[in-house]
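Every number in this text was worked out from the coordinates using simple rules, so none of it is lab data. Note that this is a predicted model, so its numbers are computed, not measured. A quick note on method: Cβ atoms are made from the backbone with ideal geometry, for glycine too, and the neighbour counts reach across all protein chains shown.
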Amino acid sequence: MFDFLFKRAADQQPDPQAAPATPDTGAAAAASASRRDEQTRVANGLAGNEAGAVELILRSEFAGVRLAAAEHVVSQPYLEQVQQAMRNTDRRVAKLMQGRLDAIRYQQTEQQKAQACLDHAQRLLQDEKLTPNQVAELDREWKLVADAPSLIAPFEAARAALAARLEAQVKLQRTIIDAMAAVRQLPGSASREEAGQALERYTAAHADYQQAPEHNALPRHLLRDYAEALEQARAALAAPVKPAVEAAGAVAAAAGPGPAVASAATNADDSVGAVDAAHPAGSAAADPAAALATGAATASDAESASAPGAPARAPQKPAKQAAAPKETDKKFLETLDALEAALEHGLLHAAAEHDKWLKEHKTRLTHAQTERLTHVRAELKRLGDWARWGGNVSREELVKAVEELPALGLAMSELAKKVGSMRERWKSLDAVSGHAPKSLWERFDTACTTAYAPAAAHFKQLADERHANAAKAQALLAETQAMAAAAATSEADLKNVAAAGQRLRQVWGRLGTIDRKEKRKLDQAFDKALSQMLAPLSEQRKIETAKREQLIAEAEALQPSERHTLDKLRHLQERWQEQAKALPLERKAEQALWQRFRAACDAIFAKRKETAHAADHERKSHLHAREALCKELEEAVFSGDDKAQLAGIAQKLRDAATAWHAIGAVPRAAEPKINQRYHNAVAAVQAQADTIKRRAGAAQANALRDKLRLCQALESAIGAKPFGAATGTAAGNGAADAIGTDAAGTAADVAAGNGAAGAAADGATGKGAGLSATAADAAVGEGAAGAASDGAAVGAATDAAGWLARWAALPVLGGEYERALKGRFDAALAALDGADGKRVAYAEQLERNRAKLLDEVLRLEIVAGVDSGAEFARERLKMQVEVLQSSLKSGQKPQTASAAYLQLCAMPALADARTTSRIEQLFRRIGAAERA
């Protein structure tokens, strides 16, 4: 329980035996510098390899290298990986990664804004009723985009398409206004036939206007007024011709509004021309709202000037000079000036207030003032009409925006603000543009109610939660007051009271939101009830504090050198824990008392620890002795032949084990490491012994192969001269004939040459590395003599002493192979030295065993899993069936490959080059399996 005390004491005590800096420290520093240089070189050569840079940062222990590698990390996944790994390790790299991540996220945010603008532009292109203020809002949104080069071209293309649509709207509106003015002038034309033909053309044009792509964006009344103008012109042209006097009056009456219409048309042309002049062909839609407003205003003026219901103004007769009017009311003129100023600045609401005041206050005006007032009121009416039209358009957009609010998924507070701002904008439109139609208001109110419904439900839920939290607070307050009454009795468990007080404080803090007025009252009541409940606990804690002080004094009075000091100290610690569990003190007081008690315990343990340093020093000396022993084993070198080396290794391992066990204990922290080092050193020495043993095994394998080849060469020599030629020259000629014809039973030089080739192949693949020098020389000599001299090989074959010398030059085999091959060699040698009959009989036996040898080789290839070649496929299949049937009938375990090969080696038989190569292939396969 108090293990951390010992740990702190051990950490705080300096080690008097700590060794000063040694040459190993310098070597470690040099190695560290070398690693730093190598890693720096790797960091400089990354060249955009982010994966390599991340790997180098995560494994490097040098801050400079990590910072250099971090310069090559630019993609977001790698940046996040490095930032997460280096957040608490390398602040410079983490700060660099965070900065790049912030830049990437900023670019992504700007890209998202640009994409939203592009999507907005695409939606506007699909909208049938495109208005200039929508395009203006799109331009304002695009100005907020800081950096999105990849989307500039698509947005500019979409913006150009929108500008083209607005320009088409302006042209269409101007065309309709001009046509309407021309239609209203048709009844006053000289020729009724030409007027009728023009009327038909304008009627056909009206159908085209209704089918135009931008007809939905026109003012609602424009096409209707144009149709009414067509009907009025058609009715006027269809009326019969009146007498001359009435016709003259009609012509005069009809000529009255003519100048007004012409003036209106001229004004329309001038206004549109002004727009065109201000915005040339490349930017015709730079201010589409102004162009549309100008055209529409001109249309309204033309309509009001040429309305057929308007009374024709009679020609003014020269009037008598009227008497000078009285002095005009100064206030009236000031209001009229204010009305003009309000109209000039577009303050329609203020202008309407001024006009209302003027209507309420009548006064006598001069003719010029009357004309001025009439003109101002006409302008006020025109602006009012356009304000109503523009207000309805704005209200339509406002309704559309409110209807789209539910799909935006806004937060409840933001949604409430949005709906409130929409209603305020509606009220402001009422003040500026007049009252809206009832149907439009009902649609807007329904949309606002629907959009605000989630927020209303959310706020209602919050209010319900506040009321529920207040009810919980009341219940918690009642519980606290009841516990305060119970704690005042003498039977109360103060530990439970302390736990309850802490619990009540935590629960009160997690109650949630409550209305401010109720919250203040409830907090005051709760604090009062909690203070009453904890009052007895405070008194008891004072008593417990005195008991803890007594324990501290007893711990400080203990003598570290006494025998039972540790037992007494542990007893004091147990008493401290019991008291702490019985009644916990306040956290700060408990922590301060515990620090003092722990300091007294640490002092005792520190003094007792000082006596243990001698034992630590002894264990360190044991560690050094074991390290020296491990070093001696690691540097051990053995000389002599294989047998002497094996003996030396065995003796060294026995001596090391004895010395290891004689050394005493070492420090516990270093014990696993030194034990592992000792075992590794012993394993390395043992590996040397295993290598020597494997080398000896390889030499035995090479000797087995060489002796088998020697037996085959001797038997080939016997089979090559079955009739006993007297001289070696004849035998050599026979061997030469055998070589030239490639007949079965080749001469000794051929066999020896094959053997030399096999030995060379084995040496190239590492399998004949242990071949002795004598055997290698013999093999090379045999292979070289085979093709150069025809008679030398056969002559040597007839020399028994030569065969015995070659046998004696090969190493002695171990086990059954030496006896089997020695018997085979002796039998062949005896047949070679014997009479011709014996030799002929042995040659016949060799010839008879040829087929048996082939069968045994095929059987052994099946057992060992060696490929026999395509020419033996049929025989191999037949042999496999026989082997399987025999094993199933006998029920015995099949013979091992090693035992079968031993029998094959002991069988005397003639073998051609193909059979010899198959036997050597079996030897390599089976010998490798045995060595493994």
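Full extension of the chain between Thr175 and Ala873 gives 241.3 nm of extra length, using 0.36 nm per residue less the Cα-Cα distance. Where the alpha-carbon atoms of region 154-218 are placed on the principal axes, they occupy 55, 17, 14 Å, in descending order.
Summary of the geometry: region 837-877 and region 451-482, compared by the centres of their Cα atoms, lie 101 Å apart. The order of the peptides 180-188, 633-641 by mean Cβ neighbours within 10 Å, most packed first, is 180-188, 633-641.
Cross-linked pairs Lys129/Lys417; Lys521/Lys581; Lys460/Lys521; Lys417/Lys519; Lys143/Lys417; Lys171/Lys418: Cα-Cα separations exceed 31 Å for Lys521/Lys581; Lys171/Lys418.
Using only side-chain charges placed at the Cβ, +1 for Lys and Arg and -1 for Asp and Glu, the dipole size of region 30-107 relative to its Cα centre rounds to 220 debye.
Counting other Cβ atoms within 10 Å, which GluC sites (Glu not before Pro) in region 107-170 have at most 10 and lie in a DSSP loop?
Details: sites: Glu110, Glu128, Glu137, Glu141, Glu156, Glu167; in loops: Glu128.
Hits after loop and neighbour filter: Glu128.
Net charge near Arg876: determine it from the other residues with C-beta under 12 Å of the C-beta of Arg876, scoring Lys and Arg +1 and Asp and Glu -1. Neighbourhood net charge equals -2.
Panel order for Ser413, Ser394, Ser439, by other beta carbons found within 10 Å of each beta carbon, from fewest to most: Ser439, Ser413, Ser394.
Loop-located GluC sites (Glu not before Pro) in region 447-496 (DSSP state not H, G, I, E or B) with no more than 14 neighbouring Cβ atoms inside 10 Å: Glu491. Partners of Lys362 within straight-line reach, counting aspartates and glutamates whose Cα lies under 15 Å from its Cα and excluding those fewer than 8 residues away in the same chain: Glu327, Asp329, Glu334. Under Stokes-Einstein, with the Kirkwood radius over Cα pairs as Rh, the value for region 93-220 at 4 °C and 1.567 mPa s is 71 µm²/s. Can you classify region 330-436 as rounded, prolate or oblate using the Cα gyration tensor, where a ≥ b ≥ c are the square roots of its eigenvalues, rounded means a/c under 1.5, and otherwise it's prolate if a/b beats b/c and oblate if not? Prolate, since a/c reaches 1.5 and a/b exceeds b/c. Basic side chains Lys and Arg get +1 at the Cβ, acidic Asp and Glu get -1 at the Cβ, and with that the dipole of region 413-522 about its Cα centre reaches some 320 debye.
Ranked by the mean number of other Cβ atoms within 10 Å per residue, highest first, peptides 906-913, 668-675 order as 906-913, 668-675. Peptides 168-174, 557-563 ranked from most to least packed give 168-174, 557-563, packing being the mean of other C-beta atoms within 10 angstrom over each peptide's residues. Given +1 at the Cβ of Lys and Arg, -1 at the Cβ of Asp and Glu and no other charges, the dipole of region 330-436 around its Cα centre is 360 debye to the nearest 20. Reported to the nearest whole Å, the Cα centre-to-centre distance from region 184-228 to region 62-137 is 56.
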